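Remarks on the structure that follows.
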Amino acid sequence: AEPLQAAGGVIVPPKEYFPAIQKVLKKYDVLMIADEVVTGFGRLGSMFGSDLFGIEPDIITVAKGLTSAYVPLSASIISEKIWQVLRDGSVQYGAFGHGYTYSAHPLAARCALETLDMLEEGKYLESNLKKGAYLHQLLQENFADHPLVGEIRGQSLIGAIELVAKKDPMTPFDPADKIAIRAARRSMERGVITRALPAADTLAFSPPFVVTESEIEKMVTTVRAAVDDIAKEIGR
Ligand SMILES: Cc1ncc(COP(=O)(O)O)c(C=O)c1O
């Protein structure tokens, strides 16, 4: 599971969700794999999203933030319990083969070490919390009353707005209208790249950790102008 579902719509789990899931997993002895490809290494203002949502992972998968995406690298982090199975199994059955052509590539490994040092030295976990709070304040200010925005979601340095045909009751647009994709295009024309998420008519905000407050302002106000463009286009 993703601690916070990212490309699926930027869905923040309710506090009780993962503790309830963990109980079921424990009862039936099922492993939890936390997919921290998006949430790992600082985006939520914590090293891992699992720490925030009461997830007790047996395996964590990581990628993007591990090298800040400058060099491709992914990894699986395994718990002591899993490690013991692999270690003991290797004694009994022979070595567990998991080598790849580019495993432990020196360039990617160096980049990851440097990224992890920078995360610490640059105090990005703290600053992402602060910048994230500002991002969500601006999202509320610009979109809470917008006729096309049904929901504002996210946490820390990931945010999203869902575009809806009607706010009350929340009614989605016809997917064939491709509203979010059109809004993302307008935003691009105005100079800001945002991502339309396919699962819902949702625009996502996921700026780099070095983003400044004035860039956050530019990003949100530009997307606001783009959504206004679409509202005009469809007569709302
Ligand atoms: C949460 C999540 N997990 C996994 C992936 C895929 O990762 P990879 O391309 O490293 O396999 C993505 C890609 O965007 C993702 O968002």
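Coordinate-derived values only; no laboratory data. Because the structure is predicted, anything quoted here is derived from the model rather than measured. A quick note on method: Cβ atoms are made from the backbone with ideal geometry, for glycine too, and the neighbour counts reach across all protein chains shown.
Could you tell me which trypsin sites (Lys or Arg not before Pro) in the range 1-76 are loop residues by DSSP with no more than 12 other beta carbons within 10 angstrom of their beta carbon? Don't jump to the answer; show the numbers that get you there.
Working: sites: LYS15, LYS23, LYS26, LYS27, ARG43, LYS64; in loops: LYS15, ARG43.
Those that pass, being in a loop and sparsely packed, are LYS15.
So what's the gap between the Cα centers of the range 58-102 and the range 156-172, to the nearest angstrom?
38 Å
For n ≥ 4 DSSP H runs only, could you compute -39500 (n - 2.57) per run for the chain, divide by its residues and tell me the 222 nm figure to the nearest 500?
On the way: 7 runs with 99 residues, N = 236.
So the calculated ellipticity at 222 nm is -13500 deg cm²/dmol.
Each residue of the range 100-106 in turn: what ³J(HN,Hα) in whole Hz from Karplus with 6.51, -1.76, 1.60 and θ = phi - 60°, glycine and Pro shown as x?
Once θ is set to phi - 60°, the couplings for the range 100-106 become 10, 3, 9, 4, 6, 4, x Hz.
Around LEU119, with a cut-off of 12 angstrom between Cβ atoms, what is the net charge of the other residues, counting Lys and Arg +1 and Asp and Glu -1?
-3
Separation of the range 200-232 and the range 106-120 by C-alpha centroid, Å?
So the separation of the two Cα centres works out to 29 Å.
For the range 17-121, what is Rg from Cα atoms divided by 2.2 N^0.38 Å, rounded to two decimals?
1.22
Restricting to DSSP loop positions (anything but H, G, I, E, B) with no more than 12 other Cβ atoms inside 10 Å of their own Cβ, which chymotrypsin sites (Phe, Trp or Tyr not before Pro) remain in the range 70-164?
TYR70, PHE96, TYR100, TYR102
Output wanted: per-residue J couplings in Hz (rounded whole) for the range 155-164, from phi through Karplus 6.51 cos²θ - 1.76 cosθ + 1.60, θ = phi - 60°, x for Gly and Pro.
7, 6, 8, 9, x, 7, 10, 9, 8, 10
Relative contact order for the chain: what percent, with Cα pairs under 8 Å and sequence separation of 6 or more?
Worked out over the chain, it gives 18 percent.
Within 15 Å, Cβ to Cβ, of ILE82, how many net charges do the neighbouring residues add up to if Lys/Arg are +1 and Asp/Glu are -1?
After counting each charged neighbour, the total is -3.
Would you work out which of MET47, ALA95, VAL62 lies farthest towards the positive end of the dipole of the range 17-121, given +1 charges on the beta-carbon of Lys and Arg and -1 on that of Asp and Glu, about the Cα centre?
ALA95
Which value in Å does the Kirkwood hydrodynamic radius of the chain take, with 1/r averaged over all unlike C-alpha pairs and then inverted? Don't jump to the answer; show the numbers that get you there.
Numbers: mean 1/r = 0.0507 Å⁻¹.
It works out to 19.7 Å.
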